[in-house]
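Structure first, commentary second.
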Amino acid sequence: MMIRDVFRLAWSEWKSVSVRGVVSALFVLICYAILLAFVAGLGEGEGIVLGLDFWFILAIILWLGMSQFSGEPFNLTKMNDDILSTPFYRYMRRLPVSELSLFRSRLLVKAVYLTVLMLAMVSLAVIFVPEPFPFSFGDQPFISFVAFWIAVAMISTMNAINEIGYNMKENTKMNLKAAAWMIGFLVLYLVIWVWLVPYNGTIMRFTIDYSEAHPTVMLAIAGAIVIVTLVIFEYSGRQKIRKQRNGR
């Protein structure tokens with residue numbers, strides 16, 4: 001029953017996608033495809049390489065999963081809620097469905113959205129700006145490269161946990177957490193990648209080269225990241241729902 005509810009909730013959101021939501025998704029897709037091709041084409045020793053590499057990865061991890069389909073029935077201004085969740089989540093909380101099913105449907109929608117978006121993004125970059133890539137559309141290194149960046153994008157599904165409910169009073173706390181997350185990621189990037197890893201180039205360039213040299217290994221790494229990520233976030237979501245339920 002729960003599995004059926006998860007898919008029914010996800011389908012309900014997909015059916016309500018507005019023209020505005022589609023246009024927004026296409027705009028995000030084109031912007032990220034241009035940025036991906038530009039970062040992939042940068043050579044070693046250029047001053048802006050590391051900065052763009054860092055911001056590209058951060059943008060994928062933090063912001064892609066915040067993209068929300070904007071269907072007309074799901075409008076927060078009509079609900080007078082003081083909870084920082086997506087309109088769809090707040091709307092569906094009023095229906096007789098378990099919150100766990102609703103949370104899992106959000107994970108499903110975001111996972112599908114991110115997979116399609118990343119696949120389309122990399123495909124556009126490889127087809128229209130083929131120079132930075134040593135592989136062609138559809139071959140094994142291309143598939144491994146796409147799979148790895150889809151796995152990275154899956155980290156963005158953590159935004160579904162936030163939809164379980166934050167009071168507006170916690171808005172400042174959320175902003176502080178986001179700032180701390182970005183600073184921590186920057187320090188991690190500088191210390192591990194720039195200082196410790198013996199590779200004179202960006203993470204983007206490394207994944208291109210590694211996908212060409214070891215496509216099977218890269219595919220396995222991508223699969224492991226996806227599985228671990230979704231298991232951790234599903235567990236974290238269940239824990240948060242249980243904690244909220246016990247606190248009521």
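Just a few scattered comments:
- Among residues of segment 136-157, those that are among the hydroxyl-bearing types (Ser, Thr, Tyr) and open to solvent by 20 Å² or more (accessible area, probe 1.4 Å), counted: 1
- Every test in (1) more than 26 Å from Lys110 (Cβ to Cβ); (2) open to solvent by 40 Å² or more (accessible area, probe 1.4 Å); (3) of a type outside the set (S, T, N, Q) is passed by Pro215 save one, and that test is (2).
- Residue in segment 169-176 that is within 30 Å of Lys243 (Cβ to Cβ) and at pLDDT 85 or above present: no
- If you go through segment 114-132 and pick out every residue that is open to solvent by 20 Å² or more (accessible area, probe 1.4 Å) and closer than 10 Å to Ile150 by Cβ, you end up with 3.
- Pick from segment 234-244, criterion open to solvent by 30 Å² or more (accessible area, probe 1.4 Å) and touching a residue at least 12 places away in the same chain (Cβ under 8 Å), ranking: farthest from Val112 (Cα to Cα): Gln244
- Taking first residues from segment 200-224 that are of a type in the set (Asp, Glu) and partners that are in a helix (DSSP H, G or I), the Cβ contacts under 8 Å between residues at least 6 apart in sequence or on separate chains come to Glu212/Pro141.
- Checked against (1) farther than 28 Å from Tyr235 by Cβ; (2) of a type outside the set (S, T, N, Q); (3) surrounded by fewer than 18 Cβ atoms within 10 Å (Cβ to Cβ); (4) at pLDDT below 85, Asp82 passes all but a single condition, namely (1).
- Residues being open to solvent by less than 60 Å² (accessible area, probe 1.4 Å), part of a helix (DSSP H, G or I) and either closer than 30 Å to Phe54 by Cα or aliphatic (A, V, I, L, M) (or both) - total across segment 1-23: 4
- Meets criteria (farther than 12 Å from Val146 by Cα and either open to solvent by 70 Å² or more (accessible area, probe 1.4 Å) or touching a helix residue (DSSP H, G or I) at 6+ places or on another chain (Cβ under 6 Å) (or both)) for Thr202: yes
The values are calculated or read from the model by the stated rules, or taken from the named source; none is laboratory data. Just so it is clear, the structure is predicted and the values come from calculations on it, not from any experiment. Backbone-built Cβ (ideal geometry, glycine too); neighbour counts: all protein chains shown. To get the accessible areas, we keep the full protein, side chains included, count just its heavy atoms, and leave off ligands, DNA and RNA. Shrake-Rupley method; radii C 1.70, N 1.55, O 1.52, S 1.80 Å.
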